[in-house]
Amino acid sequence: MGNSHSVLIQHIERLRDLVRSAHLKRALAAVDADPKLNFWRIIYGNLLDSAVLEWCKIFGTDDEPTHWKSIVPIEEHDSFRQKLLDHLGIENATWREYWNEMKAYRNNHVSHSNAQNRSERYPQLDLALKASYFYYDHLIKELRALGCSSYPDDLVTYCTAFFGQAEAVAKVAIRSTSGMTEVVC
């Protein structure tokens, strides 16, 4: 394996940021899927943007220092990719289509302003989350082999708890602004 403790932690923390953004957005949307205040709309959008950006750093561009290929040894790339696809229950063509959608959203909405290529279609984060869970399982095994036990063993369990807490907070926060009307458009 041979990856240093600090590099593994960087990858784990990037995954943590991705899943937190995705689950916080989901928790907010579960409470109010169509908020009337720009305050909430901006937060929802920023959370989506953050999740997509972080996903692209991990799964998007091969030469990104936080791409999974920088951790997984080159001789294991094909095997890792196939295990990922099996875990997701999809074929490579479906992965490639999703990958293109996520990168296009990042390129045209988040990283650059490209009005010609902007779409009103927003990426769904289901595959991003499942891919993150899979990669986390790979990383946590390596981190445990180095003696580090400061991160959760299972990212799905962590995310379930995080979502529950975020939803409870969202209920209070959104309820507290429910009587407000937008005055600045």
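Read the figures in this text as sums done on the coordinates, not as results from a lab. Bear in mind the structure is a predicted one, so any value in this text is a computation, not a measurement. Positions of Cβ are backbone-derived with ideal geometry, glycine not excepted, and every protein chain shown enters the neighbour counts.
Specify the angular offset, from 0 to 90 degrees and rounded to the nearest 10, of the alpha carbon long axis of helix 126-145 from the longest principal axis of the alpha carbons in the chain. The two axes meet at around 40 degrees. For the chain, the relative contact order is 35 percent, taking Cα pairs closer than 8 Å that sit 6 or more residues apart in sequence and dividing their mean separation by the residue count. Suppose only helical runs count, i.e. DSSP H with n ≥ 4. What mean residue ellipticity at 222 nm does that imply for the chain under -39500 (n - 2.57) per run, divided by all residues and rounded to the nearest 500 deg cm²/dmol? So the helix-based figure for the chain works out to -21000 deg cm²/dmol. Shown here for the stretch 1-77: trypsin sites (Lys or Arg not before Pro) in loop regions (DSSP other than H, G, I, E, B) with at most 14 other Cβ atoms within 10 Å, namely Lys36. Of the trypsin sites (Lys or Arg not before Pro) in the stretch 86-185, the ones in a loop by DSSP (not H, G, I, E or B) with at most 16 other beta carbons within 10 Å are Arg118, Arg121. Quick check: the angle from helix 5-31's long axis to the longest principal axis of the chain, C-alpha only, nearest 10 degrees? Between the helix axis and the principal axis of the chain, the angle is about 30 degrees.
With a threshold of 20 Å on the Cα-Cα distance, the over-threshold entries among Lys36/Lys171; Lys25/Lys83; Lys103/Lys141; Lys25/Lys171; Lys69/Lys130 are Lys25/Lys83; Lys103/Lys141.
Might you report the magnitude of the Cβ-based charge dipole of the stretch 5-177 about its Cα centre, with Lys and Arg at +1 and Asp and Glu at -1, to the nearest 20 debye?
Values: 21 positive and 23 negative charges, 133 e Å.
Dipole size: approximately 640 debye.
Sort the stretch 5-177 into rounded, prolate or oblate with this rule: let a ≥ b ≥ c be the square roots of the eigenvalues of the Cα gyration tensor; rounded if a/c is under 1.5, and if a/c is not under 1.5, prolate when a/b is larger than b/c, oblate otherwise. Here the stretch 5-177 falls in the oblate category.
Treating the beta-carbon of each Lys and Arg as +1 and of each Asp and Glu as -1, no other charges, what is the dipole magnitude of the stretch 1-65 about its Cα centre, to the nearest 20 debye?
Details: 8 positive and 9 negative charges, 65 e Å.
Magnitude of the dipole: close to 320 debye.
Among the GluC sites (Glu not before Pro) found in the stretch 1-108, those both in a DSSP coil and sparsely packed, with 10 or fewer other Cβ atoms within 10 Å of their Cβ, are Glu91. Against the chain, whose longest principal axis comes from its Cα atoms, helix 38-55 is set at around 10 degrees.
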